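Accompanying notes for the structure given below.
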Amino acid sequence: MNTQIIILAAGKGKRMESDDPKALAMLQGKPFLKHILETVSHLKLPIDPVIVVGHKKERIFDVIGPDYTYAHQEEQLGTGHAVLSAKESTHPDHKIIVVLSADQPLVSKEKIENIILTHKEKKAVITLGTVVLPDFKEWRAGLINFGRILRDENGKVTGIVEYRDADNEQKEIKEVNPALYAFDSVWLWNNIDKLKNENAQGEYYLTDLVKLASREGELIEAVPVKNVLEGFQPNSKEELEILEGLLANQDLI
């Protein structure tokens, strides 16, 4: 009842060979963002989602319409900065923040519910989805650039390293980050200002909060995402075509 969803939709669609925001890339005849908004609507949460917009935001207003709560990320400085941009637009009663990316058109209602339920039951500060892959071959090559999940000798999640910042050993990790998160809102807003942009992208990564929570001894829960397509984030026109093909031929998955 006190869950606030933030949808990150400020990114460009350059590799989609489009001037539109990536959130408006089309899958099965429908923009990515519409897929997600329809899924979120089935959760029947009393708090409406916040959509973070930036690049060509007027196009999102044209396509999606005015009947949503929008937050503006004036500069695209990373996922952490995008979530912080939404803070002032969140509902005053929120206790849990769920963060989704607009380029996750196939994330399911059930998986979002599972992450929220696990987060509440375990009383975690962060609950995240993870995908375990057999390899990065064939259609799974599209996931090679995903962040890698780091765990300690006891199997506890200790961090997420982005692919561009990973060393060769970390790049061999087959458990990847599909960017599905739930946060304790008080902890999130108390810590998000601690993010630094000391990385290959020069961006404020939301994923760095996982390492911060681990260092503080806070509880981090991981929820397996068994249907890999729920976390698939096409980054190019070619990857989008691959995803369309997979949906047309489910036996290939």
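The values are calculated or read from the model by the stated rules, or taken from the named source; none is laboratory data. These numbers come from a predicted model, not from an experiment. FYI the Cβ positions are ideal-geometry reconstructions off the backbone, even for glycines, and counts take in every protein chain you see. Note: areas computed on protein heavy atoms with side chains; ligands, DNA, RNA excluded. Shrake-Rupley method; radii C 1.70, N 1.55, O 1.52, S 1.80 Å.
Filter the stretch 236-253 for residues that are exposed (fewer than 15 other Cβ atoms within 10 Å of the Cβ) and acidic (D, E); which is modelled with the lowest pLDDT?
D251
Being assigned to a loop (DSSP other than H, G, I, E, B) and open to solvent by less than 10 Å² (accessible area, probe 1.4 Å), is that true of even one residue in the stretch 5-23?
Yes, because at least one residue in the stretch 5-23 is assigned to a loop (DSSP other than H, G, I, E, B) and open to solvent by less than 10 Å² (accessible area, probe 1.4 Å).
Look through T118, T90 and report the one residue that is touching a residue at least 12 places away in the same chain (Cβ under 8 Å), among the β-branched types (V, I, T) and over 15 Å from S185 (Cα atoms).
Within the list T118, T90, the selection yields T118.
Going through the stretch 22-43 one residue at a time, which ones are charged (D, E, K, R) and in contact with a helix residue (DSSP H, G or I) (Cβ under 9 Å, 6 or more places away or on another chain)?
Let us first name the residues in the stretch 22-43 that are charged (D, E, K, R), namely 22, 30, 34, 38.
Hits for the stretch 22-43 are K22, K30, K34.
Within the stretch 199-235, which residues are polar (S, T, N, Q), open to solvent by less than 70 Å² (accessible area, probe 1.4 Å) and closer than 17 Å to K137 by Cα?
Applying the first criterion (polar (S, T, N, Q)) to the stretch 199-235 yields 199, 201, 207, 214, 227, 233, 235.
Checking which are open to solvent by less than 70 Å² (accessible area, probe 1.4 Å) leaves us with 199, 207, 214, 233, 235.
Within the stretch 199-235, Q233, N235 qualify.
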